[in-house]
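Participant: Sharing a structure, written as structure tokens. Questions coming.
The values are calculated or read from the model by the stated rules, or taken from the named source; none is laboratory data. Nothing here was measured: the structure is a model prediction, and the numbers come from that model. In this analysis, Cβ positions are derived from the backbone assuming ideal geometry, glycine residues included, and neighbour counts consider all displayed protein chains.
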Amino acid sequence: MFVYNLLKMPMQNALNEDDSPRPHPAEDWLRDAKRPSPSRQLLQLRLAAMAGHMRRDPIAARRAALIDLLADGHPHPREEIWQTIAARLGDDCWGKLPQESLARDIKALRQGQMRIAYSRRPGAIGYYLAFPPIKQDPPQLYEELSWQQIRDLRDLTVTEKNQQVFAAADFALRQKRLLLAEKHPNWTKTDVDKEARRQVFGSRS
């Protein structure tokens, strides 16, 4: 009992110092997911931890594979999702009711504030990541300054910085095309592309 009390004392002291409980790890991860550039080392640690978790949890692995698939920004029909992920994880990864399993996965990812949408436009039917892919908090008057973010950005090479910029621009353009095509079904592909580029990149003076 004496040893137990000694071990318990540091935890009690920590709780007394701050009565408010620490946020759930999911809240921390979600907050960092919305930051422009979270710590690279922190991201590496979290990915490694999730990789170990996915080895043991087939549902976590399935949802991670779903994120990888939707990350290309294109609509994916249910049948394609089932077949593509089953090819990676095994034919039994969806269970007896694949449609219900996919619905639960989509719901869980949306609870993580991932903006998964569904397109019914002919020729582009299926689930896709809307832009921005993660729901953003209301803009603040002053953004919190993070020296870690600044250091991470400074550590990037010119090539890495360009890759990030071009990848973000390409993703935004693809999502804008999808949204405009659904909003204006009578537009031609040329009209959609022209307006999408204008909204994403601005008009040339």
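Participant: In segment 30-84, which residues are acidic (Asp, Glu) and part of a helix (DSSP H, G or I)? Walk me through it before giving the result.
Facilitator: As a first pass, look at segment 30-84 and keep what is acidic (Asp, Glu): 32, 57, 68, 72, 79-80.
Within segment 30-84, Asp32, Asp68, Glu79, Glu80 meet the criteria.
Participant: Scan segment 110-132 and tell me whether some residue there is closer than 18 Å to Arg35 by Cα, within 22 Å of the chain's Cα centre (by Cα), assigned by TED's automatic domain parsing to the domain that holds Arg63 and modelled with pLDDT under 85.
Facilitator: yes
Participant: Right, another one. Would you be able to tell me the number of residues in segment 47-78 that are touching a strand residue (DSSP E or B) at 6+ places or on another chain (Cβ under 9 Å) and either on the phi > 0 side of the Ramachandran plot or not basic (Lys, Arg) (or both)?
Facilitator: The number of residues fulfilling the criteria is 11.
Participant: So Gln149 clears everything in (1) surrounded by 13 or more Cβ atoms within 10 Å (Cβ to Cβ); (2) modelled with pLDDT of 85 or more except one condition, right? Which one?
Facilitator: Just one mismatch for Gln149, condition (2).
Participant: Residue check, Leu173 against (1) more than 17 Å from Pro122 (Cα to Cα); (2) modelled with pLDDT of 85 or more; (3) not small (Gly, Ala, Ser); (4) not in a helix (DSSP H, G or I), all met but one. Which one?
Facilitator: (4)
Participant: Right, another one. Does at least one position in segment 54-64 carry a residue that is surrounded by fewer than 15 Cβ atoms within 10 Å (Cβ to Cβ), touching a helix residue (DSSP H, G or I) at 6+ places or on another chain (Cβ under 6 Å) and not aliphatic (A, V, I, L, M)?
Facilitator: no
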